[in-house]
Every structure is written in C-alpha cells, then in structure tokens.
C-alpha cells in the first residue's frame, strides 16, 4: 500500500453539511456542481413549460409580454450558463483527475472557489426576478441597444451574474488545463488520454480564449447603461448610434464568445459519447486519433465562425462567404466523429442499458441538429430562417438532443462511480423513452413553424395556421417534463435502495473504474502503469494471462 | 442487470417514428407550412427556396445514411446470446475509410457553396438594385413597435406597405438613432435584413405576382415585439400609381388613412384596439385624446414608461392622428 498523508480536519468541518461547505475534494465539488445545476435545470425547465403553455394557442393569455420576455431571457441564460456548462464542468471535475490517475485537480482550493462563484452567480441570476422592473428581458444574447436602454435593474444583475460566472469558468478552465498538462499518471501520453479528457481540454481552451471577450462586451454594456461610483457618473456610448457608437459591435463581442460556447457545450458531450459507446459495444473507439484530432479541429474552427449569427446585419457578402465556409469547415470534423461513432458499433456486442440508449439517441438526433446547421450556415438560407423557430428547433436539437442527452448518458454511466449505487434500469428506460419522444414531438414541428415565418421570442401570435404545430410542441414539452420527473424519482428511490455494484459494473476501460465506488478522498492507493488509451482493458488482459501488474 | 434489447422495443422505436411521420406529414402538406419555405412571390425568395431544396437533397441523404446505418447496427450487432462482457471485433480503425468520410462531406460542401454563389445575385435582387431610376425607393424605418414607410413623394404609411407588382423596389432599411434593432422580413418576398440604428441596409426585390404578404419583426425589440407585424400588398402597377397619387393629395388635405394606420400601428398595440388598455393604461375617454396640443406633447416626448413614439413625426403626420382621434374617439370596448 502506498502511504497516504491525510491532513488534520477540524471537528466542525466533519459534519454532514459542513463538510460539503469546506470541501476541496474534486469529487465532492463535481457532485456539488451537478446537483446545483440540476436544481437550476428544474427552474429553467419550468420556465420553458410556462412559455410553451402561453404559445399552445393563438392569442393566449397565460403570460403577459413583459413576463414572457423575462422568461425567454432567463431560460436561455440559465440553461447555458447554469445548467449545461456547469453539469459538464461537474462531470469534468469528478472524472478528469480519476481518469488521469491523479489525486485531485492541480488547484483544489481554486476549484472550490470556482464552484462557489458559480453558485453565487446562479443565485444572482435567479433572484433577479425580484429586482426593480423584473429580470432582464432582452434575450440571452442581450443585444444592445435594447439591453443598454432597458429600464430597471434586471439587466444590471444579468451582467453581474455573467461576470461572476465568467470568473468562475476562467478559474475552472485554468485548473483543468494545468491538471491535464501536469497530473497525468505514469505512461499516460497525450494519445493515451481518455477522449472525455481530450474534450475537457479543448473545452477549457475555448473558455479561456473567448470569455474575456464576453467580459469586455458586458463591461461596455454596463458602462453604456451608466454606472455611478461615489457620485462619479460614467456613461459611455459604445453601442449607441446617436453618439457615434455601433450596435453591431456588441454582436461581434458577444458571438466571438457565443459561438465557441456552443462547442463548449457540445465537445464534452462528444467526449461522453466517446466513452460510453465503446464500453457498451465492447470495442475500442473506432479511430481514436481521428476522434481526438477532430476535437482539436472543431475547437479551432469554432473561433472563426462567430458572424454566422450575424448574416442579417448587412455585412458585406465577402465576409458572409468567409463565415459560411468556416462554418462548413466545422461540419467536416463533426461528420468524422459521427461516422467514427457509427463504426464503433460495427461488429460490436451491443448492450442497451440506459447510458447506451441515451448515447444512441444522441447519435440519431444530434445528426438532425448538425444537418439543420448546414442550412443556417448557407447564408442566403439563413436570411430566410434566421431568428425564426427554425433556429429554435436547431439549437434545441444540438443542445438538448445533443448535450443534454449525452449528459444523461454520462450520469447513468458514472452514477455508480459517484454514489456506489446503480440508478434503476426500468425507471431509466421510462425516463429515456419519455424524453426521447417528448423531445422530438416538441422540437421537430418547430422547424416547420420557422419555415412558415414564425419568429422566435414572440409572446403571442394570431396566425391560426401556426396553432397545430404549437399545440403539438406544447404537448411534447409536457411529455418531457414527465420524463424528467421519472429521472428525479429514480435518483430519490435508488439513493437508499439502489443495488451496490462494486468498482466496475460496466467493465470500463478507463482508470476511474480501477478505484472503489465511490472513490476514497485520495482516489487511488496505486495506479496501474498506462500502456494504451484503455488501461483497464490491458490490465484485465494481463491478469488473465497471469502477468499481473507492476 | 441489463436486458438485451427485445424485438418489441425495436418495434416501439419504429412505431414511434412512423407515428410521428404520419402525424406530421398531413400537417406539413396543409396549405401553409411544410418542409420548405413559404411560396415565393419574388425571385429573391425563389432563389432561397431553390438553395434550400438543393441543400435538402444532401441533408436528407446524410440523414438517411446515418439513421439507417445506426438502426441496422443496433439490430445486427445486438448482444443476443453472447455474454455481456464478451469482446466485439478488435477493430481500432481504418485509415482509408476515415479519409473517405472526411473527403466525402468536403465534396458535398463544395457543391453547396458553388450553388449558393450561382443563386446569390438573384437572391440579393442585384438586377433590381441596378434598375437605376426605374426602381421605386422606399425608406423603411423600424421603431418600437411599428414600421414607418416613406415613399419618394413624401407619402407616409405605417405597417402596411403597398408596392407595384413587376416593378423593382429598393428598400432602405434603418432605425432611428435612439431606437433599437429590428429586423425586416416578409417570408414570401425573401431575405430578411436588420433595421439597425445608425446604419442603412438596402434590400432590392420585385414582387412577381399580386397579393398581400404578411411578415413581422424578427429581432426581439422590446415588450410588444410580437405585435410588430407588417404586410406588403403587391398591387397591379396602375392601381398602385393611382393609390400613391390619391394618398398624397389626401395626406396634404389631412383626410388620409394615415391617421387610422397610426392609431392601429402605434397606439393600439399597447393601449388596446379600442383604447381599453393592455400592457399600457386605458386611454379611451381620456381628455388628452381630444386635446391636440397635449396629445402631441406626449407622443413627441413620451411619458413615464411610454417611449417618444412620434419624436420625429412631421406636423402633417401628427395632424393625421389628432384628426383621426377627434373623428373616431376610441370607445373603450371592442365592437362585435
């Protein structure tokens, strides 16, 4: 046994709750991230269901326009900044050190700081509903000058919240980068690193590269709104045309961050899929190198495509063409991934447990989201469908059908590692089918609404031709809601009664399955020498061959 | 622990997809709405629709390829009687195959790019833009929460634009410096273009058949963004010319429909069609409505949460509203 040096923990920090408040253990922080994000997920999901209720019929009166616009804004902001990104960061927190065979992240206390900043920033955003004038109501994109002119304090709190969340993410990203560079166990070269770690690596670089631009844009927005420090008034006109500013400048600042953010949300999801598919197909990932390198390629190209969100602002067509081609370029490595995943299934021995169901559903619906992205990247088509429900459908196919399905695959897959107990399979399948069907019923008709001319972010409509699709969509949202209830019921039920399944219920290939479930605070007593991207597979083979491990 | 996938489960999947398709297809084939953009009424929209269909060929092909392969593999390689942890084929990759499926999307994307550039001049209405003096130039100004149009002869219209059929039209789309960004879009006539404070964007097109085409602002512009509707009526050329001339003389005489358009487009969206109140207070019966001076004061400068909706209106435009309100005071309740 390797010797371990446990530091002294004062009695007050050992309590059931206190221990969570002071923890610097990456696993506990990861679980805190995931738990907090799921709480925000419930809130932001309820907002969506309220909006769907309002849109289920023409001229409905469920929500007033100001309340609706607040929900549009906070639903989008929360789902991105408080749900998808932090759940992925939480999984990254829990898994990266374990997958690297490390004891913790490089800076455990900075890690705790990141989490608490995130929780605080999230609380600011949610509580902004109680601000004077209500929450921000200019959309998750917060376009100036609508946002710079918005009365009340909601928009200011929105900016504050994003500033705090940005600080949290930058610290978290640096932490991941330093960890991945320095704390890989013996034998784990870059090309033997688990693909999920690869995805977190690029996720971190993207955050680091783009969040400062968002912060700059938000700071300019804040100054345009005017601040007063001790009687010293500052009010600028960065985005105010009446004083020589440019409204389009804000969009550049926002989308330079905003598009890579999409890949921040999808790359770790790709990483999860690349971990889950091989284990349930009992095969190595098809083309490890291509999958890893395509992650880098997607990350790089994602920095060059921001203005494909701005095809209708009247940029010269030379620029439109550039951003179209750069966006097309992303489709190539993304296609490589999809084909490599399919090939991973080829001649496999497939088991259909809940993680695998979510991973396969990811493949089937993410493809739709990717293909509708081609329409949007071709700028003349975007001139038609931009800012319509076609875009709403596209982004939900990518973020919900893509990121969230992968997150559920990951949660079902790593749940036994986190808590030592398996989630119930029967409830898991109910959860999966309700979500899968509800998702398609909700979002598929929205493509058609967009093509027929329904803009996004409208609180009401009078066109009766849109009613049938909208009602269908609303019904789908309730089916999804029920599916998610099943998930939370599953979590509650199995927390006491779920079967304990030992270290490695799925016979995974990566190092996290080598230690106990849940792992001890120091993670590993010893770590096997890594000889490939599938260290546990190698180990099992060596044991079978009576070679043991050194 | 885990059950092998059963045939019934797979049938369920198939059934669900089938049900979804069966449900959506008739809906999609109904007169409006479907899997393609709305019926084009200009070359611009036509070009966009063609591009859409061209991309759809490949999108459908790839979609079918991925889904068919996926479902086939799910069936073909399911576990059946094998042991749960029995290894599948030890295949680590196949470089040539991977190069192939890197190259194949590139070819498709190049094809799409070429097609886009072939269609682009038509979609941008370049021939209409170059029509020189023949083109009808109209200023389009997006404001919270109405569209204001100004014809070359000074005629002002709100929300409802009239254009001649078969004549090139050039819209100069903008927003006042103090306003926010809006986006002009009439689906049947083609591309949308943002109305941005301090910038003028030009959109040229030609309606190729008469009709009334609906659209609305597509950039979130504030509280009643959803009510910022627009219509474009393409009239036969002679009818249009007659209308424009008549509107001009009416407008200078103060008897035009402009007053009603202003009430409906600017006031009623917040205060209600009959002034009964909505997101803004009830104004029916208010003394301000019959007092031209105080009305102008409020419309030009705003009050409380009400923006200065008419800050740059001409005197004639202001008079059109006051005259209309004097003659048709809002009654406070919807008729019928």
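A few notes on this one:
- Ellipsoid semi-axes in whole angstrom, largest first, where each is sqrt(5λ) of the Cα gyration tensor of the protein assembly as shown: 53, 30, 24
- Value of Rg to Rh for region A:97-158, rounded to two decimals, is 1.25; Kirkwood radius and Rg both from alpha-carbon coordinates.
- Of B:95, B:323, B:113, the residue with the greatest mean-square motion in the GNM of chain B, using alpha carbon springs below 10 Å, is B:95.
- Relative contact order of region B:184-336, defined on C-alpha pairs under 8 angstrom at six or more residues apart (%): 18 percent
- Distance in nm between pseudo-label sites at residue B:239 and residue A:192 (7 Å out along the Cβ direction from Cα): 7.9 nm
- Remark: region A:22-544 projects, on average over all directions, an area of 24.3 nm² (convex hull of Cα atoms).
- Rounded is the label for region B:258-327, because the ratio a/c of its alpha-carbon gyration tensor axes (a ≥ b ≥ c) stays below 1.5.
- Which of A:42, B:107 has the fewest Cβ neighbours within 10 Å, and the rest in rising order: B:107, A:42
- For chain B, share of DSSP beta bridges that run antiparallel, in % to the nearest 5: 65 percent
- Taking the longest Cα principal axis of chain B as reference, the axis of helix B:315-327 is set at about 80 degrees.
- The protein assembly as shown, helix-only ellipticity at 222 nm - DSSP H runs n ≥ 4, -39,500 (n - 2.57), divided by all residues, nearest 500: -19000 deg cm²/dmol
- Burial ordering of A:138, B:174, A:242, fewest other beta-carbon atoms within 10 Å first: A:242, B:174, A:138
- DSSP assigns beta bridges within the protein assembly as shown; of those with both partners inside it, close to 70 percent run antiparallel.
- Principal-axis analysis of the Cα atoms of chain A puts helix A:247-281 at an angle of about 30° to the longest axis.
- Least to most buried among B:119, B:239 (fewest other Cβ within 10 Å first): B:239, B:119
- Sequence-separation-based contact order of chain B, relative, with Cα cut under 8 Å and 6+ spacing, percent: 14 percent
- Global geometry of region A:181-237, whether rounded, prolate or oblate, following the gyration tensor of its Cα atoms and the 1.5 cut on a/c: prolate
- Each 10 Å bin, from zero up to the one with the longest distance, holds this percent of the alpha carbon pairs of chain B: 5, 19, 23, 18, 13, 10, 7, 4, 1, 0.
- Estimated FRET transfer efficiency (residue B:63, residue A:233; beta-carbon r; R0 56 Å; 0.05): 0.50
- C-alpha long axis of helix A:535-544 to longest principal axis of chain A, angle in °: 20 degrees
- Contact order normalised by residue count of chain A, Cα under 8 Å, 6+ apart, percent: 17 percent
- In terms of its alpha-carbon gyration tensor, region A:30-149 comes out prolate; a/c meets the 1.5 threshold, and the first ratio a/b outweighs b/c.
- Here the spin labels are modelled as points 7 Å beyond Cα on the Cα-Cβ line, and at residue B:177 and residue A:62 they lie 4.3 nm apart.
Taken together, the values in this text are just the output of simple stated rules run on the coordinates, not laboratory data. What you see is a predicted model, and the numbers here were worked out from it, not measured in a lab. Neighbour counts run over all protein chains shown; Cβ positions are idealised from the backbone, glycine included.
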